[in-house]
């Protein structure tokens, strides 16, 4: 048997206890080197004299108590490894007495762990709550957005567009806006929204949708395209951002964060709507929303019998080319080969439809745009 | 042998005490922020985050220490008083309410003492002031000391302060005393601290001792206070004139006295 150390208490011993070595043998506990009133002696405590209990401030110490010469003495085991050693390897006579104690100690340890867990949860609860909010924010926003009426969304979109208009150099005269509107109206014929199409003079290859149906196409995009089919593909994609309410959701999302940050920092001066508007050009939708817009845009192309390859070609061309002009369409629309492949697969799976070429001379439209 | 700074001290006063600590050059004492009464020239005061016991534990360590101190409801900071002068210098810390200051030599007491929160006054630098959680729900709720107590660890001197008169008791193994809740100031970790229902509903309601006693079972030392601050505060609050208490002392007429007094 191995020995263990314990604190030895008795009425004639120091109040804080004396550290001694205890050797558990078959006949009892041998207390070694214990000093009582100056003299070293060895004591033997038989197991049947022992009373076993638990106690101490944390209720997790093992107390072995016995009476000798009308004095009560006790050994206290506070150390966890010592306790485990005794609980596992005690001689049978002692093990029988420790059984109850073992259950109690294990219960106490479990409760302690549970207590720490509860405390940790309590302290972390604000963060956990925030985490759940961030994690579930999409669902919350979907629910909130589903309660917005289309008329209200359009009013809101008009307001946003009016605020955004001064920063855009809108082109109202000429062929380009007319053609864009013509194609757009064809695409948006059955949609619940009344689309308003705008062409803005901006070299960036980009187009974006405002909630409620305003869609702005930059001249850079028109110039980058070779055929009307290519532009139609992009327009079909943007229409889906409006119809699927992606832009509204993204704005609500942004506004929510703005409000949260404003509340946390106490800084309301930024102006929530203004902030949301300046962010509009670079609204990001996330890959799943882009794919959704791709697929539903494709269906739209099918409905008006436009060749879908233009759409694929255009995206592909953009991702390959690096010809100077800032391709914002790609930075705001996270393009990836996966998306292209998915689009191609989708086209392959559908029955090829008879497409009619769009009756526009794209080069003429391009040359009608102001040159810089 | 001891890693702590050895400090000499002297306690002054009878019921409203203060302790004067003598520091050798480069010796230091830690105290709760705001406990200092006076210090001699040559003693530098420095405020530290946490309890200043672990100097090399880094930022996270001191942050944890400070976090624990926040849980005990105390100031995040502690103050270190370092003797930077030549020769011995003195610094004094005063108790903030009537009672006694108890010097505890932690090494002689087994290295660890658990005490009522707020009772820590000052200590030799190196004593760590941590928290001890009460893990029994009933004791935490009805034991009179709440769920969080202070744990003083180290091997130097620590000074504790409690209300009224202090009673230091040594409990033999298995010896039990029942204590009015709130009167417990400190105990060694070998002492089992529990609660016990007073026994009869009549006693519980009219005995004036509350529903529970705190029970302390040996072996080990316990310190009891005769007048917990909260009890003193209750009495003072009850007789405050603004609360309708009488400003006259011991008038048999009571309320009638107030009428006669023109109020």
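Cα axis of helix A:246-265 to longest principal axis of chain A: angle in degrees, 0 to 90, nearest 10? Rounded to the nearest ten degrees, it is 50.
Compared with the dominant Cα axis of chain A, that is its longest principal axis, helix A:287-303 is turned about 30°. Ordering B:105, A:104, A:241, A:354 by the number of other Cβ atoms within 10 Å of each residue's own Cβ, fewest first, gives A:354, B:105, A:104, A:241. Computed with the Debye formula from one identical point scatterer per Cα of the range B:8-240, without solvent, the log10 of I(q)/I(0) at q = 0.13, 0.18 Å⁻¹ comes to -0.80, -1.39. For the range B:217-237, backbone nitrogen atoms closer than 20 Å to the point 7 Å from residue B:96 Cα along Cα-to-C-beta are found at B:225-237.
What FRET efficiency comes out for the pair residue A:342/residue B:211, r = Cβ-Cβ distance, R0 = 60 Å, nearest 0.05? My answer for the efficiency is 0.30.
Each 20 Å bin from zero holds the following percent of Cα-Cα pairs in chain A: 23, 30, 11, 17, 17, 3.
If R0 equals 35 Å, the separation of the Cβ atoms of residue A:88 and residue B:178 corresponds to a calculated FRET efficiency of about 0.45. With the convex hull of the Cα atoms taken as the outline of the range A:4-105, the averaged projected area works out to 6.1 nm². When A:60, B:41 are sorted by how many other C-beta atoms sit within 10 angstrom of their C-beta, beginning with the fewest, the order is B:41, A:60. Placing a pseudo-label 7 Å from each Cα along the Cα-to-Cβ vector at residue A:299 and residue A:316 gives an inter-label distance of 2.5 nm.
With R₀ set to 60 Å, the beta-carbon distance separating residue A:140 from residue B:167 gives a calculated FRET efficiency near 0.50. Taking every DSSP beta bridge that has both ends in chain A, the antiparallel portion is near 90%. In this simple spin-label approximation, residue A:175 and residue A:155 carry label points 7 Å from Cα along the Cα→Cβ vector, and these lie 4.1 nm apart. Any idea what angle helix A:228-243 forms with the longest principal axis of chain A, computed on alpha-carbon atoms, 0 to 90 degrees, nearest 10? Computed tilt is about 50 degrees.
Neighbour counts of other Cβ atoms within 10 Å put B:230, A:368 in the fewest-to-most order B:230, A:368. Structural descriptor for the range B:8-240: relative contact order 19 percent, calculated from alpha carbon pairs under 8 angstrom and at least 6 residues apart.
Just so you know, all these numbers are worked out from the coordinates, no wet-lab data involved. Computed from a prediction, not measured in an experiment: that's the story for all the values here. Ideal geometry is used to build each Cβ from the backbone, glycine not excepted, and the neighbour counts take in all protein chains shown.
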